[in-house]
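Each remark here refers to the structure printed beneath this line.
The numbers here are math on the coordinates, done by the rules we state, and not lab data. Please read these numbers as outputs of a predicted model, since none were measured by experiment. All Cβ positions, even for glycine, are placed from backbone atoms using ideal geometry, and neighbour counts span all protein chains on display.
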Amino acid sequence: MQVYLEKGLIIFERSEGGYYYDQKGKKYIDATSNLLSSNLGHNHPRIIQQVAKQLNQIDSCTLIYSTSKISIEYTHKLLSQIQGSFRHLFFTNSGSEATDTGIKMAKQYYFNKGQPQKNKIISLKGAYHGSTIAATAASGNEYDKRALGEEFSTFKQVRAPNNSNKPLNMTDEAWVDECIREMEDKIKSEQPETIAALLVEPVQLSNGVVVFADRYFQKLRSICDKYNILFMVDEVATGFGRTGTLFAYEEWGVQPDIVLMAKSMTNGLIPMGGVLVTGEIYDNFCGELNSTKEFSHGYTSSGHPLACAAGLATLECIVQESILNQVKEHENQLFQSLKVLESSPLVESVQGKGYMLGVNFNPNLYTDDEFEWELGGVIEMLLKKKGLIPYYEGEGKTIIAPPLNSTINQLMEIVEKIEKACKLVEQSLKLKEKSRRG
Ligand code: PLP
């Protein structure tokens, strides 16, 4: 906070396509698509047009006790585009709310089945599922929980097959098997009849963009089937084309029971999130009046008509502009070009999938003896000066996630700017080393 207070933030005034403009008219590449929310770039004319049209029809309509034509239209459109047997969507306003909603749903699903003790949530170490209380509890970052007390006894985390903590000399396959074994052991030791859901991200965005093998998720699905546990997948960051399919789980060949979404659902225009469920889960909440089966949960403005109009237009644009094909066509070139950065002593690893990449700087290298500037933070500062906005998470982890409709030249410009920033820091470190030696 002190750094923010002293240095201030860049104040953006305007956005268009893959760019932001500050108050002085300086142009910045938005290299994270507004933190993976504006997958189709900013101020997309068609999305803006449809939202403006909607504004003249109905400006707000709560879904707590009513519904709107546009929210029904959007839901039908989304369900028609989605692979698998999903039948219903519960609207929220954000990804964190989607996580909390999914968790409450999973717990009440078993409560309604007469198994109230089946209420634990298992998630993966290194995960990020949001900032509300339950989402924080399900996330893997102990630092974020430091002030929250001990109310998390129904949330457990298990190691995931992250390449960076793979034991030496172990093959990728064996590492997946080892982590699957740990998951099963944990489920057995906690007792399966106390576990409601397993919650996972297809790619761990906030953990340096960690990608797992499809096989890992297929095995997790089997474990969930074996122990009668709901398989809940957090697609808040990966959804809406980021990895080259509408949702990342489509590549696994197995279906989740619950899918969480938000961010680029409306291309970032108006906040919206959602929880997708199968018919079997939905039906479990239907009962006679006073049966206590209802899901007494909701947010006043979720499923807002303007957000649904933006969502509908976003889905139409993804299809009509062949966005998924564009990602498939260029993802390899983007990845390989960034991967070249691994030859720099500053970069530990480049990893990711689709247009969701992590450049992980050496967290133990500092650029200034006196102030101990973290390397990733320095690169972020340089990039901003050069007109590029990355997302630096700390501990060396930098996220690059350009809009999915970027041209190849725009993608390469991002790579070039990062390369140049690395070279600059490398040179300054060498100079310092020389002057130290005298
Ligand atoms: N889940 C994942 C995977 C995320 O990446 C995020 C946000 O970055 C969230 C949940 C929380 O979403 P929101 O910030 O919209 O609450």
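Listing for the model above:
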read-out: GNM flexibility winner over the chain from SER189, SER123, SER222 (Cα, springs under 10 Å); value: SER189
read-out: Shape category assigned to region 1-136 from the gyration tensor of Cα positions, a/c cut at 1.5; value: oblate
read-out: Isotropic mean projected area of the C-alpha convex hull, region 45-320 (nm²); value: 15.4
read-out: Per-pair calculated FRET efficiency, R0 = 35 Å: LYS420 and GLU16 via Cβ, rounded to 0.05; value: 0.90
read-out: Least to most buried among TRP175, TRP373 (fewest other Cβ within 10 Å first); value: TRP373, TRP175
read-out: Nitroxide proxy distance, nm - points 7 Å out along Cα→Cβ at VAL340 and ILE58; value: 5.3
read-out: Sparsely packed chymotrypsin sites (Phe, Trp or Tyr not before Pro) within region 1-94, loop by DSSP, other Cβ within 10 Å at most 10; value: TYR65
read-out: Exposure proxy ranking, count of Cβ atoms within 10 Å, fewest first, for CYS422, CYS61; value: CYS61, CYS422
read-out: Listed residues HIS129, HIS297, HIS88, most fluctuating in the chain (Gaussian network, C-alpha, under 10 Å); value: HIS297
read-out: Members of LYS107/LYS166; LYS26/LYS53; LYS77/LYS353; LYS186/LYS226 lying beyond 22 Å, as alpha-carbon distances in this model show; value: LYS107/LYS166; LYS26/LYS53; LYS77/LYS353
read-out: Computed label-point distance, nm, for sites LEU79 and ALA147 using a 7 Å Cα→Cβ extension; value: 4.3
read-out: Listed residues THR67, THR32, THR92, most fluctuating in the chain (Gaussian network, C-alpha, under 10 Å); value: THR67
read-out: For the chain, calculated [θ]222 nm from helices alone, where every DSSP H run of n ≥ 4 adds -39500 (n - 2.57); value: -12500 deg cm²/dmol
read-out: Net length gained if the chain between GLU173 and TYR65 were fully extended (0.36 nm per residue, minus Cα distance); value: 33.9 nm
